[in-house]
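Just below is one structure, and these are the notes that go with it.
All of the numbers you see were taken from the coordinates with simple rules; none came from a lab. Note that the structure is a prediction, hence the values are computed from the model and not measured. With ideal geometry, Cβ positions are generated from the backbone for all residues, glycine too; neighbour counts draw on all protein chains shown.
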Amino acid sequence: MDIIDQHSETEIPQAEWDSPMFNLAQRQFLRASRLMELDDNIRKRLLFPQRAQIASFPCRKDKYSEVQTVFGYRVQHVLTMGPTKGGIRYHEDVSLGEVSALAMWMTWKCALMHLPFGGAKGGVRINPQQMSRSELQRLTRRYTMEFFNMIGPDKDIPAPDMGTNAQIMAWIMDTYSQQVGHSVPEVVTGKPVVLGGSHGREEATGRGLVYLIQDSAFHIGLDLKNATAVIQGYGNVGRNAAMFLEQLGVKIIGISDVSCGIHNSKGLPLSAVDDHLNEHGMLKGYAEADEISNNELLELKCDILAPCALQNQITEQNAPYLQCKMLAEGANGPTTLEADRILRERDIFVLPDILGNAGGVTVSYFEWVQNTQEFAWTIDEVNKRLHEIMVAAFQRTLLRSQRDNVDMRTAALLEGISRVAEAKLLRGVFP
Ligand code: NAD
């Protein structure tokens, strides 16, 4: 029986953050910390976020008499490593537990990549697709004010996540700058380039994922020119990953968004899919493919399966039926602990989320560095440095996995956690 299954449930004290997703993050952490025999005090310190703030606040709708009360969150998991860093999610399922799990994963991700940040995350529980542009702008500006004291270029630097984008970052940057009386581009990353955003940030998560799919393919002996891929989620991460894979000669045979999945074993030409998407706003109705459910999509026979949408997608129920050689996680938390065990047994190579999707925060780090130095890098410089950092982290993780005889997710967690633990021990306990 798995080591964590024997102890974890009784060991985690109930607390405000409790949720299935935060529980997954905690159980992953506990499993790794036990394997590395982590100092008990440090283990307890890292099990919960250091700071969390919840706000309920009003958002005036376009119909002036209507005011919606919404819930917003910002969680900072570890303040030991430097400022905290993490995206802001707009989604109707956002909760304190979900945001806390994402913040914890950000801590391990930044440490694994050797970036000088602790993990944070934020979110608002709304469906952005049901809001107009002006409503989103008012909501974003109010959110920024509610959390004004928590964020800042030396404190906590937000970025885009699901449901948010460069425009939302521009409104946050503008609201923050209005308050302090001068432009502060370095308060957020993932901004439009004209406002101090970095070249290459928009596509960095998908690009980084594909850099590591290339290394993983080499490692497992997969020829990408003859490979097929299925991608769940066709947003920022999934769309860019699909594009870079197509450029490498990989045949994309299945993709999905919130409306449905589409499948064509002969391949889906992305330019035609994009034309359809630009016209209709969703994949549903695309003519040159079979419409399938998101569950069916995950079980398609392919070489590379890349979940790039939501958490909790690869579970005990479908893990036995996956027909891929590699699971390349673009999304955060797409795989449950039980599914992980099944994937290990089935010898499916997993490129874990905190490594696979770390290209986004890595170029966010570049953006913050460029802003603080007031010096912009070229796209070639950004991509070259991104490649170096991604590949080095992949090699560290692979070596650790071979040395300690553990899977790639555990190896990535061990790498990240040990770096944070070392920093915590060196800083000591105040007072
Ligand atoms: P996005 O909002 O740009 O796109 C999300 C996509 O998923 C959309 O195509 C949406 O239609 C689809 N989707 C939503 N619900 C779905 C469902 N139930 N089934 C199938 N598809 C569904 O979001 P994003 O920025 O691409 O983020 C996707 C994932 O990647 C999230 O888990 C996020 O935390 C993670 N991530 C994003 C970044 C980044 O830089 N944007 C970085 C690291 C990790």
- line: Calc'd 3J(HN,Hα), the range 424-431, phi into Karplus 6.51 cos²θ - 1.76 cosθ + 1.60 (θ = phi - 60°), Hz, glycine/Pro = x, comes to 5, 5, 5, 6, x, 9, 9, x
- request: Give, in nm to one decimal, the length gained when the segment between ALA55 and GLU316 is fully stretched (0.36 nm per residue of separation minus the Cα-Cα distance).
  value: 90.4 nm
query: Going by how many other beta carbons lie within 10 Å of each one, how would you line up GLU279, GLU422, fewest first?
result: GLU279, GLU422
- line: With a ≥ b ≥ c from the Cα gyration tensor eigenvalues, square-rooted, and the rule rounded for a/c under 1.5, otherwise prolate when a/b > b/c and oblate otherwise, the range 165-231 is prolate
Relative counts (whole %) of C-alpha pair distances in the range 81-186, using bins that are 5 Å wide: 2, 13, 23, 24, 19, 12, 5, 1
- request: May I have the pair-distance distribution P(r) for the chain, computed from all Cα-Cα distances with 20 Å bins from 0 and rounded to whole percent?
  value: 27, 60, 13, 0
field: FRET E, pair GLU338, ALA15, Förster distance 22 Å, beta-carbon r, rounded to 0.05
entry: 0.45
- line: Quick shape check on the range 251-333: root eigenvalues a ≥ b ≥ c of the Cα gyration tensor, a/c under 1.5 is rounded, otherwise prolate if a/b tops b/c, else oblate, and it reads prolate
Isotropically averaged projected area of the range 51-100, using the convex hull of Cα atoms (one quarter of hull area), nm²: 4.2 nm²
task: Using θ = phi - 60° and the Karplus relation 6.51 cos²θ - 1.76 cosθ + 1.60, list the HN-Hα couplings for the range 190-195 in order, rounded to whole Hz, with x at every Gly or Pro.
output: x, 7, x, 4, 5, 9
message: What number results when the radius of gyration of the range 253-292, computed over Cα atoms, is divided by 2.2 N^0.38 Å?
response: 0.99
field: Normalised per residue, the volume of the convex hull around the Cα set of the range 15-123 (Å³)
entry: 106 Å³
- prompt: Per q in 0.09, 0.12 1/Å, what log10 I(q)/I(0) does a Debye calculation on the alpha-carbon atoms of the range 110-269 return?
  reply: -0.39, -0.66
query: Could you give the nm distance between label points at LEU277 and GLN68, where each point is 7 Å from its Cα heading toward the beta carbon?
result: 2.4 nm
statement: Any residue on another chain or 5+ positions along whose placed amide H is under 5 Å from the amide H of ALA52 is listed here as GLN76
field: Label-point separation in nm, GLU288 to ARG45, each point 7 Å along Cα→Cβ
entry: 5.7 nm
message: Out of the chymotrypsin sites (Phe, Trp or Tyr not before Pro) in the range 134-235, which ones are loop residues according to DSSP with at most 11 other C-beta atoms within 10 Å?
response: none
Difference of contour (0.36 nm per residue) and Cα-Cα distance, ALA376 to HIS182: 67.9 nm
task: Would you order TRP377, TRP17 from fewest to most other beta-carbon atoms within 10 Å of each residue's own beta-carbon?
output: TRP377, TRP17
task: Find how much the distance from ASN127 to SER259 grows on full extension, using 0.36 nm per residue of separation minus their present alpha carbon separation; answer in nm with one decimal.
output: 46.1 nm
- request: Please report GLU345, GLU288 as a ranked list, fewest other C-beta atoms within 10 angstrom at the top and most at the bottom.
  value: GLU345, GLU288
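Given the -39500 (n - 2.57) contribution per DSSP H run of 4+ residues, what per-residue ellipticity at 222 nm results for the chain, rounded to the nearest 500 deg cm²/dmol? Before the final figure, lay out the partial values.
Working: 15 runs with 197 residues, N = 431.
When only DSSP H runs of four or more count, the value is -14500 deg cm²/dmol.
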message: With a cut-off of 8 Å between alpha carbons and a minimum separation of six or more residues, what is the relative contact order of the chain in percent?
response: 15 percent
query: Compactness ratio of the range 303-431: Cα Rg over 2.2 N^0.38 Å, N = residue count?
result: 1.23
- request: Pull up all non-local amide H partners of GLY87: gap of 5 or more, or a different chain, and H-to-H distance under 5 Å with H placed in the peptide plane.
  value: GLY122, ALA159
field: Rg/Rh for the range 378-431, where both radii come from Cα atoms and Rh is the Kirkwood radius
entry: 1.16
